[in-house]
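Below is one structure; the comments refer to it alone.
The values are calculated or read from the model by the stated rules, or taken from the named source; none is laboratory data. The structure presented is a predicted model; accordingly, all values stated were derived computationally and were not measured. Neighbour counts run over all protein chains shown; Cβ positions are idealised from the backbone, glycine included.
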Amino acid sequence: MKSTSRFSNEVLETLQKGRILGIHAGTDSTHRIIGIWVVVVKRRVFIRSWSLKPRSWWRTFLEDPQGSIVVGDREIPVRAIQTRSERLKDLVSAAYKEKYNKPGDIQYVKDMSRKRSRDTTTELVVSQE
């Protein structure tokens, strides 16, 4: 099993300030980099799926937890870990509500705080190859 580590302070700050994260789920090269929302909670990086379509990034990570994110001009290999802790899911919901608070964001944040999306809460960690 590959070892993992936390993101650097610089990467965490960039992710916290940025609104959209470029992500590539899985190791299949046919999947493209897409933009999704990201939050940082207790120096940990979390994402949630709004759509649970069969070919969604979340379903891809369930089958193949390796992938990558784009931060600035760097592509960073990551591993996706499904979050089980309800306390942590509450903190992630609060972080989404705080970060994505523009009028057009509010309905999506509400949807992403419902059980269906809460259950997709995924932590990203740096994957050492």
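Points worth noting:
- Count of segment 61-95 residues which are farther than 17 Å from residue 16 by Cα and of a type in the set (Gly, Ala, Ser): 4
- Residues that are touching an Asp or Glu at 6+ places or on another chain (Cβ under 9 Å) and either aromatic (Phe, Trp, Tyr) or at pLDDT below 90 (or both) within segment 1-26 comprise just one, 2.
- Sole exception among (1) within 23 Å of residue 106 (Cα to Cα); (2) at pLDDT below 95 for residue 54, by number: (1)
- Flag if residue 70 is assigned to a strand (DSSP E or B) and modelled with pLDDT of 95 or more: yes
- Close pairs (7 angstrom Cβ cut-off, 6 or more residues apart or separate chains): closer than 13 Å to residue 37 by Cβ in segment 114-129, surrounded by fewer than 18 Cβ atoms within 10 Å (Cβ to Cβ) and of a type in the set (Asp, Glu) anywhere: 117/111
- The one condition in (1) under 26 Å from residue 87 (Cβ atoms); (2) in contact (Cβ under 8 Å) with a residue 12 or more places away in the chain; (3) in a loop (DSSP other than H, G, I, E, B) that residue 16 fails to fulfil: (3)
- Candidates 6, 55, 32, filtered to the one that is over 15 Å from residue 120 (Cβ atoms), free of Cβ contacts under 8 Å to residues at least 24 places away in the same chain and loosely packed, with under 15 Cβ neighbours inside 10 Å: 32
- Each residue in segment 58-82 was checked for being of a type in the set (Val, Ile, Thr), surrounded by 18 or more Cβ atoms within 10 Å (Cβ to Cβ) and either in contact with a helix residue (DSSP H, G or I) (Cβ under 9 Å, 6 or more places away or on another chain) or within 15 Å of residue 6 (Cα to Cα) (or both), and 3 pass.
- Boolean, residue 35 is in contact with a Pro (Cβ under 9 Å, 6 or more places away or on another chain) and either under 21 Å from residue 119 (Cα atoms) or part of a strand (DSSP E or B) (or both): no
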